[in-house]
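First comes the structure, then the notes that go with it.
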Amino acid sequence: MASALAVFGRNDLRGIRREPLLIGVLCAPLGWIALLRLGVPPVEEMVQERYGVDLVPYYPVILTAFLLLTSPVVIGGLAALLILDERDGRTLSALRVSPVSLGRFASYRAGMAMVITVLYTVGTMYGSGMLPADQLAGLSVVGISNGWCAVLFALLIVSIASNKVEGLAVLRGFAIVLAGLPLVAYFVPAHYDLFFGVIPTYWPAKAYWLVAEGGPWWWYVIAGLAYNGVLAIPLYRRFRRGV
């Protein structure tokens, strides 16, 4: 199994290196970090002077918009494009007659997507300079829920798209929904925001906002993992049928 994981890892690195688009997708969060670190302070000063509004209370939603919700979209999209590339190259079909099952391959890809998303979530948000250190522990747990969103997004893309061109179209379309709509819930009165729970990324976003407020965030992590896990089952079955 370890040797198979090493092979999968080398194939992933080769696939990313030969596709400038994938490299750009993977490095995009670095640009967002620079934008927040360099852009927020002057904007905050201007808004404070002109309108008397302090942006610090809105740091959680700003971080959510630029970094928290984009992490599963970036990593899930990258994982999906790699899978579509492997499906186009008949690599996945070859797994049916190899010692490594498709289920193990899917577990590897899901595990890598989750781990990298957690690292991206915590690393980028802390690197922005806008995250208090006392939120790191809670954010690390929220990152797990965020990682599961990345897996779900990857499954959604590969279950709908038949090639990378279609995959990019699906990625762009659903990225707006997954990374944009949950932000509206931040401004909705308490309890009514639960209507946004049908969107998978609402759950880690809401959990992080409660981490920032010092509220009971664990319930939202657990509910998000359970809800997104249920959604993943039919998508995974559809993906297997399409291999």
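Brief remarks follow.
- Residue within segment 105-123 that is part of a helix (DSSP H, G or I), over 30 Å from Leu210 (Cβ atoms), modelled with pLDDT under 90 and hydroxyl-bearing (Ser, Thr, Tyr) present: yes
- The numbered conditions (1) in contact with a helix residue (DSSP H, G or I) (Cβ under 7 Å, 6 or more places away or on another chain); (2) among the small types (Gly, Ala, Ser); (3) more than 23 Å from Glu86 (Cβ to Cβ) are all true for Ala175 except (3).
- Some residue of segment 56-67 being modelled with pLDDT of 65 or more, loosely packed, with under 13 Cβ neighbours inside 10 Å and of a type outside the set (Gly, Ala, Ser): yes
- Within segment 48-68, the set of residues being closer than 19 Å to Leu38 by Cβ and free of Cβ contacts under 8 Å to residues at least 12 places away in the same chain comprises Gln48, Glu49, Tyr58.
- Every residue from segment 148-167 that is modelled with pLDDT under 90 and assigned to a helix (DSSP H, G or I): Lys164, Val165
- Among the residues of segment 203-228, those identified as out of contact with any helix residue (DSSP H, G or I) (no Cβ under 7 Å at 6 or more places or on another chain) and either closer than 20 Å to Tyr192 by Cα or not hydrophobic (A, V, I, L, M, F, W, C) (or both) are Glu213, Gly214, Gly215, Trp218, Trp219, Ile222.
- Residue list for segment 199-217, filter: assigned to a loop (DSSP other than H, G, I, E, B), among the hydrophobic types (A, V, I, L, M, F, W, C) and touching a residue at least 40 places away in the same chain (Cβ under 8 Å): Trp217
- Taking residues in segment 218-235 that are under 13 Å from Val151 (Cβ atoms) and polar (S, T, N, Q), and partners anywhere that are modelled with pLDDT of 95 or more and in a helix (DSSP H, G or I), the pairs with Cβ atoms closer than 6 Å and at least 6 places apart or on different chains are Asn228/Trp148; Asn228/Leu152.
- Subset of segment 221-243 [within 20 Å of the chain's Cα centre (by Cα) and either under 19 Å from Thr70 (Cα atoms) or among the basic types (Lys, Arg) (or both)]: Val221, Gly224, Leu225, Asn228
- Among residues of segment 168-188, those that are more than 18 Å from Thr64 (Cβ to Cβ) and either of a type outside the set (Gly, Ala, Ser) or within 16 Å of the chain's Cα centre (by Cα) (or both), counted: 5
- Test: residue in segment 134-144 that is among the charged types (D, E, K, R) and either in a loop (DSSP other than H, G, I, E, B) or free of Cβ contacts under 8 Å to residues at least 60 places away in the same chain (or both): yes
- Segment 188-243, subset small (Gly, Ala, Ser) and buried (at least 18 other Cβ atoms within 10 Å of the Cβ), residue nearest to Ile176 (Cα to Cα): Ala205
- Condition met for Leu131 (touching a residue at least 24 places away in the same chain (Cβ under 8 Å), in contact with a Phe, Trp or Tyr (Cβ under 9 Å, 6 or more places away or on another chain), surrounded by fewer than 24 Cβ atoms within 10 Å (Cβ to Cβ) and within 19 Å of Arg238 (Cβ to Cβ)): no
The values are calculated or read from the model by the stated rules, or taken from the named source; none is laboratory data. Computed from a predicted model, the values in this text were never measured in an experiment. All Cβ positions, glycine included, derive from the backbone under ideal geometry; neighbour counts span all protein chains shown.
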